[in-house]
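Quick notes on the structure that follows.
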Amino acid sequence: MKGVLTVVSGFSGVGKGTVVEYMRGIHPFTLSISATTRSPRPMDQEGVTYYFLSREEFAKRAAEGYFLEWAQYTDNCYGTPKAPVLEAIERGEDVVLEIEAQGARQIKEQYPDALLIFVLPPDFYELKARLEGRKTETPERIKARLSRAIEEFDEIPYYDHIVVNETIEQCAADILSRIESKRSTPEWQKEFIARLRTEADRVMEEL
Ligand code: 5GP
């Protein structure tokens, strides 16, 4: 059985990174590490949070088809390396992509089976406060991220589910239950059901 490909998106500052990190402690999955042209923040680690690439290198890889999807967000490019994601899914591992809305659409077009989840804040003032609390962004960049959030409202209808981040624990549990639901559909379990059906015939013959 192949793994579930889940996209987790949400406005910048909504806390989706923290939620996804928390989820890892509850349910094993492969977290895709994206490439980006943005500068590392103090908490960033090369090859752990992102692969940091020059604009030239990013453009070269995009042209070579290295990315499953890629998008420009504010003034930088972000992309999901294709091979690790496809390999993990084939191994039966669930994969989570923490990416923005344009990328999410590209994923759904290529993989209609993907689960698209959009994380919302309980209110918009809290989102602004969270971005300001990071202390890593200039007021201009905060404004750019909030304007981007306004644009992203239009993308929400393309997602399968919305989840409100009231608390990290509840938000993580909501997302994980969506993944579990996907795994338990007859369509997803068709190989298992077919095996059971063959067994059932054998049992009847042996009676
Ligand atoms: P940040 O600069 O805050 O780390 O990320 C900015 C935005 O880019 C976030 O919404 C994040 O989810 C998104 N993002 C991160 N990696 C990727 C990626 O590989 N592809 C796309 N399309 N968006 C990404």
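Values quoted throughout were computed directly from the atomic coordinates according to the rules given, and no laboratory measurement underlies them. Predicted, not measured: the structure shown is a model, and the values here were computed from it. Virtual Cβ from ideal backbone geometry, glycine too; neighbours counted across all protein chains shown.
Only one residue in L68, L127, L116, L131 is farther than 17 Å from F11 by Cα and in contact with a helix residue (DSSP H, G or I) (Cβ under 8 Å, 6 or more places away or on another chain), so which one is that? Steps first, please.
Details: L127 fails: farther than 17 Å from F11 by Cα; L116 fails: farther than 17 Å from F11 by Cα; L131 fails: farther than 17 Å from F11 by Cα.
On inspection, the qualifying residue turns out to be L68.
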Item checked: Output for segment 138-193, where each listed residue is of a type in the set (A, V, I, L, M) and touching a Leu at 6+ places or on another chain (Cβ under 6 Å) -> I142, I162, V164
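Look through segment 11-31, keep the residues that are over 27 Å from K128 (Cα atoms) and touching a residue at least 24 places away in the same chain (Cβ under 8 Å), and return whichever of them is farthest from the chain's Cα centre (by Cα). Quick ask: steps written out before the conclusion?
Let us first name the residues in segment 11-31 that are over 27 Å from K128 (Cα atoms), namely 25-30.
Right, trim to touching a residue at least 24 places away in the same chain (Cβ under 8 Å) and you get 26-30.
Numbers: I26: 17, H27: 15, P28: 14, F29: 11, T30: 11 Å.
Within segment 11-31, the match that is farthest from the chain's Cα centre (by Cα) is I26.
Here's the yes/no breakdown for (1) touching a residue at least 24 places away in the same chain (Cβ under 8 Å); (2) away from the ligand (no atom under 12 Å from the Cβ):
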| position | (1), (2) |
| --- | --- |
| V85 | yes, no |
| R91 | yes, yes |
| E98 | yes, no |
| A101 | yes, no |
| R105 | yes, no |
| E109 | no, yes |
| A114 | yes, yes |
| P122 | yes, yes |
| A129 | no, yes |
Check: When both residues are 6+ apart or on different chains and their Cβ atoms are under 7 Å apart, which pairs have a first residue that lies in segment 39-54 and is over 12 Å from Y78 (Cα atoms), and a second that is in a strand (DSSP E or B) and more than 10 Å from the ligand (Cβ to nearest atom)?
Finding: P40/F52; E46/F52
Item checked: Check on E21, of a type outside the set (A, V, I, L, M, F, W, C), within 21 Å of I175 (Cβ to Cβ) and within 14 Å of the ligand (Cβ to nearest atom) -> yes
Checklist line | strands (runs of 3 or more DSSP E) wholly inside segment 1-103 containing at least 1 residues that are touching an Asp or Glu at 6+ places or on another chain (Cβ under 9 Å) and aliphatic (A, V, I, L, M) | finding: 5-10, 34-36, 67-73, 95-98
Next item on the list: Could you list, in sequence order, all residues of segment 32-83 that are closer than 20 Å to I107 by Cβ, more than 11 Å from the ligand (Cβ to nearest atom) and loosely packed, with under 13 Cβ neighbours inside 10 Å?
Entry: A63, E64, G65, A83
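Anything in segment 137-152 that is closer than 17 Å to G10 by Cβ and loosely packed, with under 13 Cβ neighbours inside 10 Å? List them, or say none. Before the answer, list the steps.
Here is the first cut: in segment 137-152, the residues closer than 17 Å to G10 by Cβ are 137, 142, 144-152.
Residues satisfying the conditions are S147, I150, E151.
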